[in-house]
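K.L.:
After the structure tokens below, expect a handful of questions from me.
The values are calculated or read from the model by the stated rules, or taken from the named source; none is laboratory data. Predicted model, so just to flag it, every value in this text is computed and none were measured. Here Cβ is always computed from backbone atoms with ideal geometry, including for glycine, and neighbour counts include all displayed protein chains. Side chains are part of the model used for accessible areas, which takes the heavy atoms of the whole protein and leaves out ligands, DNA and RNA. Shrake-Rupley method; radii C 1.70, N 1.55, O 1.52, S 1.80 Å.
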Amino acid sequence: MDFARKAKWTFFVVTTLFSLVQPLSTNHTSINDTAIEMIHVGLILDAQSWVGKIVDSCISMAISDFYSRNCHYQTKLVVHTRDSGGDPLLLLSQALVLLENFKLDAIIVAENSAGVKILAELGSRVKIPIISLFAAGLSLSSFEYPHLIQIGEDESSRAKAIAAIVEAFSWRSAILIYEDNDSARPILSSVTGFRLDQHVALLTSSTDEEIVEQLVKLMSLQMTVYVVHMSPILASRLFLNAKQLGMMTQGYAWITTDMITNFMNSMDPSVFESMQGVVGFKPHIPASKELRRFAIRWRNKNLNENKDLEEMEMNVYGIWSYDMVWAVATAAERVMTRHPPVLHQETRLNMNFTTIRSSESGLVLMDEILQSRFKGVSGGFQLTNGRLIPKEIEIVNVFKGDRIIGYWNPENGIASIMKEENHTETNSTSSSKLEGVIWPGGTMNIPKGWSLRGKRLRIGVPVTNQFRELISVVHDPQTNDIIVTGFCVDVFKEAVQSLGYEVHYDFIPFEDANGRMAGSYDDLILQVYRKNYDAVVGDITIISHRFAYVDFTLPFTDLGIGVVVPKINNDIWVFLKPLCGDLWITVAAFFIFTGVVIWFIERPINEEFQGSPSEQIGMIFWYSFSTLVFSHEKPLSNLSKFVVIIWMFVVLIITSSYTATLASMLTVKQIQLSSRDNDAWVSSDISNFTFETRRRRTNHSPEEYADALRRGSKNGGVSSIIDEIPNLKVFLAKYPSDYTMIKSKAITGGFGFVFPKRSPLVQDISSAIMRLREEKRLEMMENKWFNSESSFTTLDPESNPNRLNIHSFGGLFLVTGISSISALGVCLFQKRQSIKIHLNRSLDSLKGYFNVKIIGRQKERS
């Protein structure tokens, strides 16, 4: 049944009840001056509710204040109040009674019920403004209901504010608990910016048993962040039952919308006590002298006239209703001034069994209200698309009262209560902007947003036992215990241990009655999807199609697949290829030159360099070439030591470069030879990828790989193995000298741990894996299980390492040449000086000899 048919049926039922309705005729204005034009306004509220009493008293004050200040106006509002008792059907009935008895210019509704929507439809028919003091959701748009004026947040703003809080505290998702009616239901389609794990709808008529049943279901889930959007009456029962179930304790987080928070002060003390730790939203009314004076006058008036309001406090609906009456009264005066004939015109509309009256001024009055601009007690009054929306929302924390911890607005997001701090950021979602929040349980520790609630996780593990270094399941026949070991298990245990909170778990082998794997890896993953396991740990490849059923953590191994081939070499002269011919000649020449220099320096003082000419020539060659293996004789001269040190440095650089280039050439040769043969084994885990000419192998182990590669493709084996890189690392750790990995491609996501969709553990375990990788602990575990610290390099089979030529080492030869020549020069200089000194001494000796002879002869003559 569409809305029009529903409305007609409702009107038919309501008009039959007119004889049962006893109108509560209360006029807030006594009119004695017949020269003043009366503007009749209907007011429908729940006279027994706290908010109804406050709105009624504030509207009375507004009329009194407005006309005492504007006593010269030609119009006066006459407010006709009716009690709906909170019943949507009676709300419409009272509206029809008012329209039948008075020529109404507008109707003010102080209720947030489904009846407002029908009343908005009625306003469109009779062409008068319908002013709702409660925003009734997105469905009542100004385009669909042009005669409707609403006050308060729309669902979009509510949803954005909630999303800002969820993001500020780094919660991944939340659970929405809402009242299943037209007022609260629209928020479900408005939620953006965060993920709703689940939503629960409660009826106004729900019993406590039904509420408890829904809460118990929520307790079985891992999420502990709840967003509550419902009427205060239903919310009171919800929080009382939540406290009894222990859901208002440490670890939980509750967020309430303004539908609840605006009525916090009217709630029973037991309800308020059960809401300790709740974070809520409510419209922000800027503090001002006008607001303070108004609140004081309202309090004094109620103490004298209405004892029922003694314990009540002014709330936002009373403030808004006060400003709205000023807007209507001002608009009515402008209509009188600009369009006086319109106020005296009246139309009658037949609806089923009754005739209703309305003023022709309704359309003009609506336009004037929409154009109203003034500063009221609530701040700047201005309607946008038929709605008065607060410019800022208070974020409050309920703890022995409700205290403001921050603000939120669409432009800047979360803002601090210290206004000067809010000019540096826009669209902020940081919790640092908020004052300290006291959460349920009286703690200031921010809830994680989820909890395992002491549950022991059932962790499924594969039972392949082929790559035992990765995952191994052993049954102890004596104790009947299941021992699960391997690299994957160690990574999982280290990650869980670093979480900062306890996670209890048991490893459950995925096996049949015979102790064999009970299916494929996809079957194992589906056990998590079917909730038979809480997670899977093992050599599980991250592949895109598996994300439809489960979530993966970040990979804890290398990504992709690799190709392993045997090491081969067919060229007996390959050892000469790393160096070009000119470099070989230069190296040989410098070996001889260096040997000659050392021989020249050492021969006079070192017996090892003396002997026959053939022995000395042999010594020259032996000494220079022995520096290749650093087994040369220790020289005696410091000049020789200097030359040898420089030359050994040159030899070290040349031999290292030679070794690296030769290794690259041998590897490239291997790739070039192996790439000609496409006959390879492909692991079944990656068989969905394109390997047209390869043979797929379901059961594999390192021993099977080695046997197949050893036999080769011509003898029933294969020429290469294509598998996940972690598997190949295990294989190469066992056979490092016979095989090598020649290339890899990142076409798979590596190994990851499996969890159910939206599991909060995924992000925490992923973060722990990243920490293990950054701290090198993951690498240490790889070295422990794979017995290898080597790294694998992807090589292009089309590439060919460049041969080393003389230009690559020109600087080295220049250094060693200059060093040797310098040492040789110094040696020659020293020998020349030594010869000169020896000659001088010989001359001195001869002179002394001759002098003695001469003196002797002279003595003989005398």
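K.L.:
Provide Lys400, Lys567, Lys301, Lys433 ordered by accessible surface of protein heavy atoms (probe 1.4 Å), highest first.
P.N.:
Descending order: Lys400, Lys567, Lys301, Lys433.
K.L.:
Also, quick follow-up: Give me the percent of accessible area attributable to carbon and sulfur for region 809-852, probe 1.4 angstrom.
P.N.:
Within region 809-852, the accessible surface is 70 percent carbon and sulfur.
K.L.:
According to the square roots a ≥ b ≥ c of the eigenvalues of the Cα gyration tensor, what is the shape class of region 809-852, taking rounded for a/c under 1.5, prolate for a/b larger than b/c otherwise, and oblate for the remainder?
P.N.:
Prolate is the answer for region 809-852, as a/c is 1.5 or above and a/b outweighs b/c.
K.L.:
Further question on the same structure: Roll a 1.4 Å probe over the protein heavy atoms and report the accessible area of Ser189 in Å², nearest 10.
P.N.:
For Ser189, the solvent-accessible surface is approximately 100 Å².
K.L.:
Where a Cα-Cα gap under 26 Å defines reach, which lysines qualify for Lys127, not counting those fewer than 8 residues away within the same chain?
P.N.:
Correct list for Lys127: Lys6, Lys8, Lys76, Lys103, Lys117.
K.L.:
Exceeding 20 Å between C-alpha atoms, which entries from my cross-link table qualify? They are Lys729/Lys784; Lys493/Lys776; Lys493/Lys531; Lys53/Lys301.
P.N.:
Cα-Cα > 20 Å for Lys493/Lys531; rest within.
K.L.:
Could you state how much accessible area Arg758 has, in square angstrom rounded to the nearest 10, with a 1.4 Å probe and all protein chains kept in place?
P.N.:
Here the accessible area works out near 110 Å².
K.L.:
If DNA, RNA and ligands are ignored and the probe is 1.4 Å, what is the ranking of Tyr226, Tyr67 by accessible area, most exposed first?
P.N.:
Descending accessible area places them as Tyr67, Tyr226.
K.L.:
In a shell of Cβ-Cβ distance under 14 Å around Thr81, excluding Thr81 itself, what net charge do Lys and Arg (+1) and Asp and Glu (-1) give?
P.N.:
Once positives and negatives cancel, what remains is -2.
K.L.:
Could you work out the relative contact order of region 496-609? I mean the mean sequence separation of Cα pairs under 8 Å and 6+ apart, divided by the number of residues, in percent.
P.N.:
This gives 11 percent for region 496-609.
K.L.:
Which lysines have a Cα less than 19 Å from the Cα of Lys836, not counting those fewer than 8 places away in the same chain?
P.N.:
Hits, sequence-local ones excluded: Lys847.
K.L.:
While we're on this one: Given Cβ point charges of +1 (Lys, Arg) and -1 (Asp, Glu) and nothing else, what value in debye, to the nearest 20, does the dipole of region 496-613 about its Cα centre take?
P.N.:
320
K.L.:
Not counting ligands, DNA or RNA, and with a 1.4 Å probe, what is Val596's accessible surface area in Å² rounded to the nearest 10?
P.N.:
Only protein atoms counted, so the area is about 60 Å².
K.L.:
Tell me, what is the percent relative contact order of region 63-157, built from C-alpha pairs under 8 Å that lie six or more residues apart?
P.N.:
Relative CO of region 63-157 lands at 20 percent.
K.L.:
Sort His807, His72, His147 by accessible area with a 1.4 Å probe, largest first.
P.N.:
Heavy-atom accessible area, descending, gives His807, His72, His147.
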